[in-house]
Amino acid sequence: MRLLPKDRDLSKPLEKVELSVRASDLRMRAEDVEIRLDRFLALHMQWRSRTSVQNLIHEGYVYVDVSSPDKPNGSGEYALETRPGRRLRDRTRVLVIVPEGLRVNVMPVLDDTLGVLFEDQDLLAVDKPPMLPVHPSGRHLSDTLIQRVHARYGADQLERDARPRLCHRLDRETSGIVLVGLHPRAHSEVRRQFEEHEVEKEYLAIVQGAPQQEYGTVDLPIGSARGSAIGLKMACRPDGDQARTDWRVLERRRGCSLVRCKLFTGRQHQIRVHMEAIGHPLVGDKLYGYGEEFFQKYNDDELTPDDIAKLELPRQALHHCRLALTHPRTGERVEIASGLPPDLVAFLATR
């Protein structure tokens, strides 16, 4: 689901939101999809309440391009829709014009907040702090990493009609190296390297307990967690996508271990899923380390003081520490490194 146009300047306010009804997002079969317009918008525009969404519809800010059997992707033209209860089917498109007084403005950003690790005319590598989203989505539409990048460069400093684009992503809680392509050619080539597993990626993780061995390999396919009430959860499944993680213990501390993980594939939540599979989930991982009920309480802001103490860390203890790739212009090998961040250093010091 794309909330923003691909090449939009993210240093500017959000003026419109474009969405498409997708059966996969709703975890339904295409033929079974039927959802109210206000519920659909509230589901995807989580920074707004359902009542405020209904007000947007009533006030004429919402347009719909309805799908039909003969036009499954819609007609290509939006029509004003003022009924919150309008039923939407699979692949119907929805456009929301954000009223000027409600447009999300990006917080003022200073260049040095990016933590630049590498920069030339083609690529930018930054050291993402924990809890900073890499791009606008869900409840996090202001001051994301890519918005900071756009604010740093501005339209005048880049090639014509080009915007910086993420070459890969990290979870909001994960810290470390994020690579950005500064023009389309560089971005396309680096993305190819990621897709063909030519990029070397290593992470530092603090896991619960102490693995018996000093090193090992987890070679287990990963797919969506069937039967889970949490749509983003992944699991090791025989019919999943190939996934391999090599790991090595660097330090053993009281109740936890610092582990270096090397990825040979890049599946969603791969390290988190693989380390949980061998009995050593990440410290602070609400989804894989403490159970689905715990994650749901966290998501609903209902964690008790005892829950927070059990969690030990406010975020999952995962840091992208090394990335190596072939430079898209020069062909030379580029290696980028990032040390363990202060919050994880401080946690280990207490153990």
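No lab work stands behind these numbers, since they all come straight from the coordinates. This is a predicted model, so every value here is computed, not measured. Counting neighbours? That spans all protein chains shown, and the Cβs are built from the backbone with ideal geometry, glycine included.
Couple of notes before you dig in:
- Segments 176-189, 289-302, 194-207, 247-260 sorted - mean Cβ within 10 Å per residue, highest first: 176-189, 194-207, 247-260, 289-302
- Distribution of pairwise C-alpha distances over segment 16-102, 10 Å bins, in %: 18, 54, 25, 2
- Relative frequency of Cα-Cα separations exceeding 16 Å in segment 265-351, percent: 65 percent
- On full extension, the segment bounded by Ala346 and Ala210 gains 47.0 nm, given 0.36 nm per residue less the C-alpha separation.
- Under conditions of 4 °C and 1.567 mPa s, segment 111-346 yields 69 µm² s⁻¹ as its translational diffusion coefficient, taking Rh as the Kirkwood radius over Cα pairs in the Stokes-Einstein equation.
- Efficiency of FRET between His197 and Ser228 - r from beta-carbon atoms, R0 30 angstrom, step 0.05: 0.65
- Added length on full extension, which subtracts the Cα-Cα distance from 0.36 nm per residue, Asp70 to Arg329: 88.6 nm
- Dipole magnitude (debye, nearest 20) for segment 16-102, charges at Cβ of Lys, Arg, Asp, Glu: 260 debye
- With 0.36 nm allotted per residue and the present C-alpha distance subtracted, the Val116-Leu250 stretch has 45.6 nm of extension available.
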